[in-house]
Amino acid sequence: MMDQHRATASNDDNHEIISPSTIDKQQSRLWLAPLWTVIASILGVAPPTRSLIQSTFGTIPLLQSALALLMLSMGLTITPQDLTAATRQSNIVLLNMVACFGMMPLLAALLAKTFQLTPPHAIGTILLGCVSGGQASNLFALLAGGDVALSVVCTFSTTLVGVLATPLWIQCLLKTTVPIHATAMLRSIASLVLIPLTSGLLLGYFLSPKLLHPIRRQCPNVGLAATMVLVAGGASNASSLATTIGYSAVAMSCLLPVLGGAVTLGMARLLRLSNEASVRTLVIEVFSKSPTLAHVLALRHFGGAAAAIPAVAMVSLALLGALVAAVWQSVDPQ
């Protein structure tokens, strides 16, 4: 009886999602996400509010709490239907995993070496290349005419695998630059990502549909609010390093995702993937890394200077994702 009730509630959710009027309302709100990101970053660097935000949103405990809340909201939004749908496109999930934890870390290391970045900037760039996919990719997949369920599962899978893959890559790529404590980083990622993510999954499984439905409806808003806290805090911390950031931080925060997305698109065309919605999702997943996770890890393990590039990437990735989504939205994926 409970299974039938859960299935009915799930069907109701699906009906709401595919309703044209609902999609229009969602998109009208979601399109504001990049704007809110810019506003949050301006508040973080503007002299009247910078010190207040840096002493509140910019503190490591609050940044960690906001990131954990973001992971919890992601876990709550995963449904059995999402997982079932993703199994039918396991090749895309696997390609995303390879690109996320194979190509992107190596590309980040190559850029750091090619442009002879300072050690803090090299650390920030490599951290950005080694972390999992960001939750914003789900938003951009929706706006770009991609496969949202596939996007959610891709983000979820890289987030889980990243618990081990991220510290291993950091240990491998940065051990000659700075001392790396991989075990400490593993504990950090477990506390910031694994525990809240699995807690959200368990809550989604055990809560009754009647209670779960209104909670899930608010998860995107909670996730957006947590992201704005992270962006404002990151921007305020980066502003204190304004004289040392320079153009290289902005360039790296844009160049890494642009090159990663371009290579992924070329790879998808080379493999002749026929489902255009899946191709768009794959490209967005690969370039939409989690700068918030990279920023928190940088602050926690490498200091504020290393956190500058991930902080800039919080804004640049939001704008890049919105731009790609705007271009693709005008082209029918069919």
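Tell me yes or no: at least one residue of the range 146-155 is buried (at least 24 other Cβ atoms within 10 Å of the Cβ) and farther than 17 Å from T79 by Cα.
Within the range 146-155, one or more residues are buried (at least 24 other Cβ atoms within 10 Å of the Cβ) and farther than 17 Å from T79 by Cα.
Which residues, taken from the range 75-87, are among the aliphatic types (A, V, I, L, M) and not in a helix (DSSP H, G or I)?
Result: I78, single match.
Keeping to the range 205-223, report how many residues are more than 26 Å from W36 (Cβ to Cβ) and surrounded by 12 or more Cβ atoms within 10 Å (Cβ to Cβ).
The total comes to 4.
Where in the range 88-161 are there helices (runs of 4 or more DSSP H), lying fully within it, with 1 or more residues that are at pLDDT below 90 and either of a type in the set (S, T, Y) or in contact with an Asp or Glu (Cβ under 8 Å, 6 or more places away or on another chain) (or both)?
Ranges flagged: 90-98, 136-143.
Give the number of residues within the range 184-207 that are in contact (Cβ under 8 Å) with a residue 12 or more places away in the chain and either over 16 Å from T159 (Cβ atoms) or over 22 Å from the mean Cα position of the chain (by Cα) (or both).
Summing the residues that are in contact (Cβ under 8 Å) with a residue 12 or more places away in the chain and either over 16 Å from T159 (Cβ atoms) or over 22 Å from the mean Cα position of the chain (by Cα) (or both) in the range 184-207 gives 2.
Output yes when any residue across the range 88-100 is aliphatic (A, V, I, L, M) and either in contact with a Gly (Cβ under 6 Å, 6 or more places away or on another chain) or at positive phi (or both), and no when none is.
Taking every residue of the range 88-100 in turn, none turns out to be aliphatic (A, V, I, L, M) and either in contact with a Gly (Cβ under 6 Å, 6 or more places away or on another chain) or at positive phi (or both).
Looking at the range 110-120, is at least one residue touching a strand residue (DSSP E or B) at 6+ places or on another chain (Cβ under 7 Å) and touching a residue at least 24 places away in the same chain (Cβ under 8 Å)? Talk me through it step by step, then tell me what you get.
Kept after step one, since they are touching a strand residue (DSSP E or B) at 6+ places or on another chain (Cβ under 7 Å), are these residues of the range 110-120: none.
No - not one qualifying residue is present in the range 110-120.
What are the residue pairs meeting all of these: first residue in the range 277-306, first residue free of Cβ contacts under 8 Å to residues at least 24 places away in the same chain and surrounded by fewer than 24 Cβ atoms within 10 Å (Cβ to Cβ), second residue hydrophobic (A, V, I, L, M, F, W, C) and outside any loop (DSSP other than H, G, I, E, B), Cβ atoms under 7 Å, and 6 or more apart or on different chains?
Once the first residue is free of Cβ contacts under 8 Å to residues at least 24 places away in the same chain and surrounded by fewer than 24 Cβ atoms within 10 Å (Cβ to Cβ) and sits in the range 277-306, its partners that are hydrophobic (A, V, I, L, M, F, W, C) and outside any loop (DSSP other than H, G, I, E, B) give V279/A268.
Scan the range 163-173 and give yes if some residue there is closer than 29 Å to L319 by Cα and either touching an Asp or Glu at 6+ places or on another chain (Cβ under 9 Å) or not in a helix (DSSP H, G or I) (or both), otherwise no.
No; the residues of the range 163-173 include none that is closer than 29 Å to L319 by Cα and either touching an Asp or Glu at 6+ places or on another chain (Cβ under 9 Å) or not in a helix (DSSP H, G or I) (or both).
Condition first: surrounded by 19 or more Cβ atoms within 10 Å (Cβ to Cβ), at pLDDT 80 or above, among the aliphatic types (A, V, I, L, M) and in a helix (DSSP H, G or I). Can you find one or more residues in the range 21-42 that meet it?
yes
Wholly within the range 218-334, which helices (runs of 4 or more DSSP H) include no fewer than the required count, namely at least 3 residues that are charged (D, E, K, R)?
The qualifying helices (runs of 4 or more DSSP H) are 276-287.
How many of the residues making up the range 203-234 are under 30 Å from A294 (Cα atoms) and either in contact with an Asp or Glu (Cβ under 7 Å, 6 or more places away or on another chain) or hydroxyl-bearing (S, T, Y) (or both)?
Final tally of qualifying residues: 2.
With the structure loaded, tell me whether S278 is in contact with an Asp or Glu (Cβ under 6 Å, 6 or more places away or on another chain), more than 14 Å from I126 (Cα to Cα) and not β-branched (V, I, T) or whether it fails that test.
Values: in contact with an Asp or Glu (Cβ under 6 Å, 6 or more places away or on another chain): yes; more than 14 Å from I126 (Cα to Cα): yes; not β-branched (V, I, T): yes.
Spelling it out, S278 is indeed in contact with an Asp or Glu (Cβ under 6 Å, 6 or more places away or on another chain), more than 14 Å from I126 (Cα to Cα) and not β-branched (V, I, T).
Kindly indicate which of L127, L150, L160, L143 is under 19 Å from A318 (Cβ atoms) and under 15 Å from the mean Cα position of the chain (by Cα).
L127
Would you be able to say whether some residue in the range 265-280 is of a type outside the set (S, T, Y) and under 20 Å from L192 (Cα atoms)?
Filtering the range 265-280 down to residues of a type outside the set (S, T, Y) leaves 265-273, 275-277, 279-280.
Then drop every residue that is not under 20 Å from L192 (Cα atoms), which leaves none.
Among the residues of the range 265-280, not one is of a type outside the set (S, T, Y) and under 20 Å from L192 (Cα atoms), which makes the answer no.
R269 is checked against (1) under 16 Å from the mean Cα position of the chain (by Cα); (2) without any contact (Cβ under 8 Å) to a residue 24 or more places away in the chain and fails just one. What number does that condition carry?
(1)
The values are calculated or read from the model by the stated rules, or taken from the named source; none is laboratory data. Note that the structure is a prediction, hence the values are computed from the model and not measured. Here Cβ is always computed from backbone atoms with ideal geometry, including for glycine, and neighbour counts include all displayed protein chains.
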